[in-house]
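First up is the structure itself, then whatever we jot down about it.
Derivation of every value follows stated rules applied to the coordinates shown; laboratory data play no part. Owing to the predicted nature of the structure, the values given are computational and were not obtained by experimental measurement. All Cβ positions, even for glycine, are placed from backbone atoms using ideal geometry, and neighbour counts span all protein chains on display.
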Amino acid sequence: MTAIPDEVFSGRPHRLTMGLRSLDLDSWLDPDPHHPQRAQRATLLTQRRSDVYAVLPEGREPARLVAQRVAEQLGLVLPQSQDPLVDAALPVRDDLCVLARTEGTWRLVAAVVCFPSRWRLADKMGRDVLAIHDPVPGYRSGLGAPTTKVFDALTPRWRLNWTLLDDPALFQPAAPAGGHQPGPDSYLRVERQCLVPVGDVVAFTIRTDVVALADLPNDRAKAVLEAASTTPADLAAYRGWTG
């Protein structure tokens, strides 16, 4: 069974918070050669490349820096190519995003995102971190200033994000119409998000795990549903939850 961190099952009421904690770089990336996500990533980068990979002209050098840092972390030598971020993403199951500071703000300038959770990479490219998160109710007003401060003085950090969906697919660039009422037949989707400074740019990585609530022990499934029930109405609507 997929290993989901215990804290996801705390049952604590929802709070809008960054929830950052110190990152041990030894746990930053997952290069498991046998994980099925690796094969799915390779397929998506071949068959739907424009949906899962993008780089702005000003993002090519930052992307190269992040790709090289990933290679160093894994002890690999990347091939010489026009798209080093793609080469760096293939040996891991983590999505790789690159943010650079321009005109006083941090903007997404390159990314390999094979497993989006109901958002499209094309809609996020070139935007700053606040605009990227504007669909999240209360994010700009509540976390806008802290987010910028964290990025400006970043040390390696990680956080968890989770939601409940009615579809276990990893590649979900769009949400279905009609919404979803969380229940025992839902799927728990957990993202381990890491922020790592690389010179003057930031690598933002996302490792995704999905498990059916029905496959969890009853007490854990119940804790997740109880936590979901405390979610404010506006945030629940953003997540596509009904009922």
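Take the eigenvalues of the Cα gyration tensor for region 77-160, scale each by 5, and report the square roots as semi-axes in whole Å, largest first. Write out the running numbers ahead of the final one.
Details: eigenvalues 123, 46, 34 Å².
Calculated on Cα positions only, the semi-axes equal 25, 15, 13 Å.
Can you pull the semi-axes for the chain, root of five times each eigenvalue of the Cα gyration tensor, sorted largest first, whole Å?
On the way: eigenvalues 165, 87, 60 Å².
That gives 29, 21, 17 Å for the three semi-axes.
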Task: Computed over region 194-243, Cα set: Rg, Dmax in Å - done: 16.3, 46
Task: Rg followed by Dmax, in Å, when region 139-243 is reduced to its Cα trace - done: 16.1, 46
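Check each of the GluC sites (Glu not before Pro) in region 46-154 and keep only those in coil by DSSP with at most 11 other C-beta atoms within 10 angstrom; list them in order. Walk me through the numbers before you get to the answer.
Values: sites: 58, 72, 103; in loops: 103.
Taking region 46-154 and a limit of 11 other Cβ atoms within 10 Å, the loop GluC sites (Glu not before Pro) found are 103.
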Open item on the list: How large is the translational diffusion coefficient of region 3-42 in µm² per second when you combine the Kirkwood radius over alpha carbon pairs with Stokes-Einstein at 25 °C and 0.890 mPa s?
Closed with: 181 µm²/s
Task: MRE, 222 nm, helices only [DSSP H, n ≥ 4, -39500 (n - 2.57), over the chain, to nearest 500] - done: -9000 deg cm²/dmol
TODO: Report, in cubic angstrom per residue, the convex hull volume of the C-alpha atoms of region 134-200.
DONE: 136 Å³
TODO: Pull up all non-local amide H partners of residue 231: gap of 5 or more, or a different chain, and H-to-H distance under 5 Å with H placed in the peptide plane.
DONE: 14
- [ ] Among 71, 110, 42, flag the residue with its Cα farthest along the positive direction of the charge dipole of region 37-110, charges on Cβ as +1 for Lys/Arg and -1 for Asp/Glu.
- [x] 42
Task: Share of pairwise Cα separations in region 89-213, more than 17 Å, in percent - done: 62 percent
- [ ] Determine the distance separating the Cα centre of region 13-72 from the Cα centre of region 126-175; give it in Å without decimals.
- [x] 15 Å
